[in-house]
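Colleague: Submitted below is the structure of interest, expressed as structure tokens.
The values are calculated or read from the model by the stated rules, or taken from the named source; none is laboratory data. Bear in mind the structure is a predicted one, so any value in this text is a computation, not a measurement. Neighbour counts are summed over all protein chains in view; Cβ atoms, including those assigned to glycine, are modelled from backbone coordinates with ideal geometry.
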Amino acid sequence: MHLKYVILYVESPRETIDFYCKAFGIKPGLITEEGAYGEVKTGETTLSFSSFKLMENLGKNPSQADASNPCFEIAFQTEDVAGDLAKALAAGAELVQEVKEEPWGQTTSYVKDMNGFLIEICSPVTTPA
């Protein structure tokens, strides 16, 4: 078994996909004709977005994300945390944490998207000297 996809519930999948492509340099994947569901290409695991309305029509009761009180985060790994943080901010992300060198050998920063999801921009973990 393997993790195939993660679906985040948002107001507008199309707008969210546009943001993620601009902010994080990833490519769009499938987007349904009516725009109620869409995906971005992130490697083996697909990051997907479904509209609140679609989920409600399917009998679900989705809730809004809250980056100040998150129950999870999305992490994008990069070799240039500061540069990619700047790109995300220029695309409309909101700063949560500036670039920080962590004691476990990783550089991190955090933003939130227009939906309130907490997003980590991080380097690979390296063994501290």
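Colleague: Within the range 57-92, track down each residue that is hydroxyl-bearing (S, T, Y) and touching a Lys or Arg at 6+ places or on another chain (Cβ under 9 Å).
Modeller: S68
Colleague: Tell me, please, whether a residue that is surrounded by 14 or more Cβ atoms within 10 Å (Cβ to Cβ), assigned to a loop (DSSP other than H, G, I, E, B), of a type in the set (A, V, I, L, M) and on the phi < 0 side of the Ramachandran plot can be found in the range 94-108.
Modeller: Checked against the condition, which is being surrounded by 14 or more Cβ atoms within 10 Å (Cβ to Cβ), assigned to a loop (DSSP other than H, G, I, E, B), of a type in the set (A, V, I, L, M) and on the phi < 0 side of the Ramachandran plot, the range 94-108 yields no hits at all.
Colleague: Is there any pair with a first residue in the range 54-83 that is farther than 21 Å from F24 by Cα and a second that is of a type outside the set (G, A, S) and exposed (fewer than 13 other Cβ atoms within 10 Å of the Cβ) whose Cβ atoms are under 9 Å apart and which are 6 or more apart or on different chains, and what are they?
Modeller: From residues that are farther than 21 Å from F24 by Cα, the pairs are L54/E34; L54/K60; M55/N61; P62/E56.
Colleague: Mind checking which residues of the range 78-101 are of a type in the set (D, E, K, R) and closer than 14 Å to S123 by Cα?
Modeller: E79, D80, D84, E98, K100, E101
Colleague: Right, another one. Among the residues of the range 56-93, write down those that are part of a loop (DSSP other than H, G, I, E, B), modelled with pLDDT of 95 or more and surrounded by 17 or more Cβ atoms within 10 Å (Cβ to Cβ).
Modeller: Scanning the range 56-93 gives T78, A91, A93.
Colleague: Follow-up question, since we're still on this one. Could you please find all residues in the range 42-55 being modelled with pLDDT of 95 or more and surrounded by fewer than 16 Cβ atoms within 10 Å (Cβ to Cβ)?
Modeller: Once the filter is applied, which keeps residues that are modelled with pLDDT of 95 or more and surrounded by fewer than 16 Cβ atoms within 10 Å (Cβ to Cβ), the range 42-55 yields only K53.
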